[in-house]
Amino acid sequence: MGMPVRIEDDLYASARDQAKAEHRTIAGQIEFWAKVGRTALDNPDLPVDFISEALMSMAEPVQQATPFIFSKAKI
């Protein structure tokens, strides 16, 4: 369910620009930032880039994932 909220104009403009670059809606971009921030606060030992990439990978369809295949390295 969507809820209208007031945000500053510069935050809206930043979200609009980033949303366009990352193929999200403006609301989707702000929601993503909120998830990253919440996760970062809950896990202060993790780098923000790691959190962001992990959340993006979790949002990708499973069918598009590349399976990990373990192979022993030859020495």
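A short reminder: the numbers here are calculations on the coordinates, not readings from a lab. Note that the coordinates shown come from a computational prediction; the quantities given were computed from them, not determined experimentally. Methodologically, a virtual Cβ is constructed for each residue, glycine included, from the backbone with ideal geometry; neighbour enumeration extends over all protein chains shown.
Counting every pair of alpha carbons in the chain, the share spaced more than 13 Å apart comes to 75 percent.
Once the trypsin sites (Lys or Arg not before Pro) in DSSP loops with at most 16 neighbouring Cβ atoms within 10 Å are cut out of the chain, the longest remaining piece is 25-71.
Straightening the chain between Ala21 and Ser52 buys 9.6 nm, computed as 0.36 nm per residue apart minus the Cα-Cα spacing.
The ranking of Ser71, Ser52 by Cβ neighbour count inside 10 Å, starting from the fewest, reads Ser71, Ser52.
Computed on the chain, with alpha-carbon pairs under 8 angstrom and 6+ residues apart, the relative contact order is 15 percent.
Among Asp17, Asp45, the ranking by other beta carbons within 10 Å of each residue's beta carbon, starting with the fewest, stands as Asp45, Asp17. Of Ala19, Val48, Ala34, which is farthest along the charge dipole of the range 9-64 in the positive direction, counting Lys and Arg as +1 and Asp and Glu as -1 at C-beta? Checked the options; the winner is Ala19. Here the range 1-41 is described by how far its Cα atoms reach on the three principal axes: 24, 22, 21 Å, from widest to narrowest. Counting every other Cβ atom within 10 Å of each residue's Cβ, Met58, Met3 order from fewest to most as Met3, Met58. Placing +1 on the Cβ of every Lys and Arg and -1 on the Cβ of every Asp and Glu, with no other charges, gives the range 9-64 a dipole of roughly 180 debye about its Cα centre.
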